[in-house]
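As structure tokens, the structure follows; a few thoughts come after it.
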Amino acid sequence: MAHTAVVTGGSGGIGRATVEELAEDHDVVVHYFSDEAGAEAAVEAATDAGSEAIAVQADVSDRESVADLFAEARSVFGGVDTLINNAAAPPESGFESRSAESIDRMVRVNVNGVMYCAQEVVEGMTDRGYGRIVNVASTAGLHGSPSDPVYGATKAAVAGFTRSLAKAYTADGILTNAVAPSVTDTPLLSKQRREEAAELFPQNRIADPSEVADAIRFLVSNSYDSGKVIEIAGGRYL
Ligand SMILES: NC(=O)c1ccc[n+]([C@@H]2O[C@H](COP(=O)([O-])OP(=O)(O)OC[C@H]3O[C@@H](n4cnc5c(N)ncnc54)[C@H](OP(=O)(O)O)[C@@H]3O)[C@@H](O)[C@H]2O)c1
């Protein structure tokens, strides 16, 4: 029987590439927040690859909304074997004038959301003695993010949470790891940022979402390691 994966933010970018990657051997719950059309397109791609897939809307910063998302996943597929915590609010400029609401919202989406989703799956994974959790952090959380220190802090929290969750649950069969991409070619980036950023990398290009999804696939297929945060940065930080 195919494993079941929940991919948060599966409606576009890295999440969409991950849905396509996992559809080869997973049934997939494509979570989305606002982009219903993107989620339906991801479902179609997963179905074409032979997976059973559904799209489910939720706000990951809202605990009840997250509970509803996983209740739907369990009712359709019976359980969740693989969680990809990919959804996040994008970086914002203007730290000095940032409102308290804007900071709270980013922390709730990027940190609380990852924790709420993990809370929903650990019991079932522990019962089955099998689980894979891959969190999407960022090099912004490992090396700092001068353009948005709040975003950088939330991604550092995701890396720390990954290690703590691994310490707490690896003995139960749940392997928790993270990827930390650097600049990746998703709709989140402006054309100007894409061109400027390319020069930062030895290969003179930013990552393709499929290259991040490859690393996520590796961590999902992995049967031993836990607590790793793998940078996908094209040699930028060597
Ligand atoms: N692109 C990069 O350069 C880069 C670099 C390092 C790390 N990352 C990380 O990679 C992950 C994917 O980003 P991406 O570049 O692929 O951008 P993206 O396409 O904008 O993905 C972000 C996803 O998060 C979802 N989302 C936003 N707010 C949400 C909320 N309140 N509740 C639930 N979902 C919410 C969005 O859903 P809807 O579209 O449906 O609203 C979207 O699918 C993020 O964790 C990001 O921080 C990206």
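The values are calculated or read from the model by the stated rules, or taken from the named source; none is laboratory data. Note that the coordinates shown come from a computational prediction; the quantities given were computed from them, not determined experimentally. Cβ coordinates were reconstructed from backbone atoms using ideal geometry, including for glycine residues, and neighbour counts include every protein chain displayed.
Residue-by-condition table, conditions (1) of a type in the set (A, V, I, L, M, F, W, C); (2) more than 20 Å from Val220 (Cα to Cα):
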{"site": "Ile14", "(1), (2)": "yes, no"}
{"site": "His26", "(1), (2)": "no, no"}
{"site": "Ala41", "(1), (2)": "yes, yes"}
{"site": "Ala73", "(1), (2)": "yes, no"}
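Among the residues of segment 220-238, the ones that are closer than 18 Å to Thr18 by Cα and either touching a Leu at 6+ places or on another chain (Cβ under 8 Å) or at pLDDT below 95 (or both) come to 5 in all. In the set Thr184, Thr154, which member is within 26 Å of Val107 (Cα to Cα), out of contact with any strand residue (DSSP E or B) (no Cβ under 7 Å at 6 or more places or on another chain), crowded, with 18+ Cβ neighbours inside 10 Å and of a type in the set (Val, Ile, Thr)? After ruling out the rest, the residue left standing is Thr154. If a residue must be more than 7 Å from the ligand (Cβ to nearest atom), polar (S, T, N, Q) and at pLDDT 95 or above, how many such residues does segment 163-198 contain? The total comes to 4. Entry remark, segment 132-175: residues being over 17 Å from Ala215 (Cα atoms), outside any helix (DSSP H, G or I) and not acidic (Asp, Glu) number 6 in total. Residues in segment 108-152 that are acidic (Asp, Glu) and within 11 Å of the ligand (Cβ to nearest atom): 1 in all. Exactly one residue out of Gly234, Gly227 is assigned to a loop (DSSP other than H, G, I, E, B), surrounded by 18 or more Cβ atoms within 10 Å (Cβ to Cβ) and not β-branched (Val, Ile, Thr): that is Gly234. Right, Ala17: part of a helix (DSSP H, G or I), in contact with a helix residue (DSSP H, G or I) (Cβ under 9 Å, 6 or more places away or on another chain), crowded, with 24+ Cβ neighbours inside 10 Å and at pLDDT 95 or above or not? Here the answer is yes, as Ala17 does meet what is asked. Scanning segment 194-217 for residues that are surrounded by fewer than 16 Cβ atoms within 10 Å (Cβ to Cβ), part of a helix (DSSP H, G or I) and among the aliphatic types (A, V, I, L, M) yields one hit, Ala198.
Here Asp59 clears all of (1) in contact with a Ser or Thr (Cβ under 6 Å, 6 or more places away or on another chain); (2) over 21 Å from Thr186 (Cα atoms); (3) assigned to a loop (DSSP other than H, G, I, E, B) except the condition numbered (2). Per the listing Gly131, Gly124, the residue uniquely closer than 23 Å to Ser65 by Cβ, crowded, with 20+ Cβ neighbours inside 10 Å and more than 15 Å from the chain's Cα centre (by Cα) is Gly131.
Conditions (1) among the hydroxyl-bearing types (Ser, Thr, Tyr); (2) over 18 Å from Ile14 (Cβ atoms), marked per residue:
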site	(1), (2)
Leu165	no, yes
Ala168	no, yes
Ile174	no, yes
Ala178	no, no
Ser182	yes, no
Leu188	no, no
Glu195	no, yes
Leu200	no, yes
Gln203	no, yes
